[in-house]
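Here is the structure we will look at, set down as structure tokens.
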Amino acid sequence: MARFFGTDGVRGVAGSELTRQMAEALGAEAVRVLGKSILIGRDTRASGPELTAGLIDGVLAAGGQAVDAGVVPTPGIALLTRKLGADCGIVVSASHNPPEYNGIKFFDAQGYKLSGGIEQRFEAALAALAAEIGAEQSVGMGVGLAVARAAASNGERSAADAATVMADAAELYIQHTVLGMAEAGLDLSGLRVVVDCAHGAAYHTTPEALRRLGVEVHAINTDYDGKDINVACGSTHLDVIRDWVLRTGADAGFAHDGDADRVLAVDAAGNEVDGDVIEAICARDLKQRGLLKNNTVVSTVMSNLGFIRAMEALDIDLEQTDVGDSKVLAAMRAGDYVLGGEQSGHIIFKEYNTTGDGLVAMLMLLKTMARSQTSLEELAKVMHKFPQILINVKVADKEQVAAAPELAAAARDLRRKLSDQGRVLLRPSGTEPMLRVMVEAESAASAQEAAESLAAVIRSLDEG
């Protein structure tokens, strides 16, 4: 059975861990919890249409109205849910995961991901349905869904056939983004970029938006067959975009994940520009132009120590949250901040969208390059990245090991040894039986040695 990941919905292997029946149940619950008007979009996975049909069946059987937006990036659904006045937006996507996975995530009427309290209601509904159906099926339909299927079997129109099809969702997302950037005085003519769309939801939206803003675009991995999303391409395989940038002499290269809520970059020399660097560049630009509201940015505890040092040097206040773009956004809303992000490339510009938006982040970075007439390679010097080593250690009881005094003492000794020239972070995985060890130091060798020593302590505690 699929599981809830933080406040980002459910995710699992499509057809086994995540089934159409689960989608039906979630669609019905969305109507009961969030309201009758439901907007649904998806990425390009082969399992997307089937899960979308299940959601639609559930929405309609529960008395709601379903609008099928088709293939559109996740930030497009967040935007359109708010703009069109829907009660809820649902995205069928597993983001950066391989093609066999899929997921279902939710946005409220304001375009924000659900709070933990609301999501618990979805979890409770799924648990109740699982108990009702029994062990033979992971999760099934509620009574209303059973009635809908019975009606369909008697020759009546199926629930999915009654959905409204929205043919222009992707176009509306493009228009909104392009207009917002144009009104901000953006002139990107003359810039040449390569974009890796990862055979995903941005296959049309990102190249088209860039072209309308005057960018010379070479777009790759814009085709799809449902089985190639994120496969050896996109934000998890930057070597692909690096090769294309060096081959074409582009000013920069950008790589999306499957649903395009994140973006990573490489400069003209092929150097990686991750989410920390993108956020640092944009934070400095916003501050210089007097647009960094409350002089604060938000990042997670996984951000590189170099990012922290860069914000200190720029006299920009920094708030750090637990991992997850929903956590970042919650802090941004609470403090009324305009910029937040993650190293993974989820960058949120709250003036433009209510979630991570890979296209907006890309355009804001290009805008900074164009306005300053400075290369991405030069802009990236705003921060010096410390070598970072991450080791995942599987354990039987992650909470027990994480609370062990011996582990706390070992971590304390390492922090004392590294002083202000490094950083140690220990955290249990939110979804798997493991502890994550992250160490940063001035040299990769020092970081590796320190991380391995902590990992060894964890293994000994687990065995003992």
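Things worth noting here:
- Accessible area ranking (1.4 Å probe, heavy atoms, ligands and nucleic acids excluded), largest first, for 36, 105: 36, 105.
- Other residues whose C-beta falls under 15 angstrom from the C-beta of residue 402 contribute a net charge of 0, scoring Lys and Arg +1 and Asp and Glu -1.
- Local net charge near residue 291, Cβ-Cβ under 10 Å (Lys/Arg +1, Asp/Glu -1): +1
- Ellipsoid semi-axes in whole angstrom, largest first, where each is sqrt(5λ) of the Cα gyration tensor of the chain: 37, 30, 19
- Rounded to 5, percent antiparallel among DSSP beta bridges of the chain: 55 percent
- Taking the accessible area of segment 260-383, probe 1.4 Å, and keeping the other protein chains in place, the carbon and sulfur fraction comes to 45%.
- Whole-number D in µm²/s for segment 234-385 (Stokes-Einstein; Kirkwood sum over Cα pairs; 25 °C, 0.890 mPa s): 163 µm²/s
- Alpha-carbon centroid distance for the pair segment 15-94 / segment 162-180, whole angstrom: 16 Å
- Segment 1-106: antiparallel DSSP beta bridges as a percent of all, rounded to 5: 45 percent
- Relative contact order for segment 159-299, counting Cα pairs under 8 Å that sit 6 or more residues apart, in percent: 20 percent
- Among the GluC sites (Glu not before Pro) in segment 317-387, those placed in a DSSP loop whose Cβ has at most 15 other Cβ atoms within 10 Å are 351.
- Working note: 222 nm ellipticity from helices only, DSSP H runs with n ≥ 4, each -39,500 (n - 2.57), summed and divided by the residues of the chain, gives -13000 deg cm²/dmol to the nearest 500.
- Segment residue 301-residue 216, length gained on full extension (0.36 nm per residue, minus Cα span): 26.9 nm
- Taking Cβ atoms as reference points and 11 Å as the exclusive limit, the residues near residue 201 contribute a net charge of -2, counting Lys and Arg as +1 and Asp and Glu as -1.
- Accessible area of residue 220 in the full protein assembly, 1.4 Å probe (Å², nearest 10): 10 Å²
- Sorting 444-450, 402-408 by average packing, meaning the other beta carbons within 10 Å per residue, from highest down gives 444-450, 402-408.
- Computed from backbone phi with θ = phi - 60° and the Karplus coefficients 6.51, -1.76 and 1.60, the 3J(HN,Hα) list for segment 375-383 is 5, 5, 4, 6, 4, 5, 6, 4, 9 Hz; x is used for glycine and proline.
- Converting phi to 3J(HN,Hα) with the Karplus coefficients 6.51, -1.76 and 1.60 and the offset θ = phi - 60°, segment 394-402 yields 6, 9, 6, 9, 5, 5, 5, 5, 4 Hz in sequence order, with x at every glycine or proline.
- Taking amide H as placed 1.01 Å from N in the peptide plane, the amide H of residue 261 sits under 5 Å from that of 74, 358, each at least 5 places away or on another chain.
- Relative to its residue count, segment 324-450 spans a Cα convex hull of 150 Å³ per residue.
- Where trypsin sites (Lys or Arg not before Pro) fall in DSSP loop in segment 231-315, at most 16 other Cβ within 10 Å: 289
- With each label modelled as a point 7 angstrom along the Cα→C-beta vector, the residue 291-residue 187 pair spans 1.6 nm.
- The calculated pair-distance distribution of segment 304-377 uses every alpha carbon pair, bins of 10 angstrom beginning at 0, and gives 17, 46, 34, 3 percent.
- Residue 179 sits with roughly 100 Å² accessible to a 1.4 Å probe, with DNA, RNA and ligands left out of the calculation.
- Taking a ≥ b ≥ c as the square roots of the eigenvalues of the Cα gyration tensor, an a/c ratio below 1.5 marks segment 1-132 as rounded.
The values are calculated or read from the model by the stated rules, or taken from the named source; none is laboratory data. What you see is a predicted model; the values in this text were computed from it and never measured. Positions of Cβ are backbone-derived with ideal geometry, glycine not excepted, and every protein chain shown enters the neighbour counts. The protein model used for the area step is the full one, side chains on, heavy atoms only, and it has no ligands, DNA or RNA in it. Shrake-Rupley method; radii C 1.70, N 1.55, O 1.52, S 1.80 Å.
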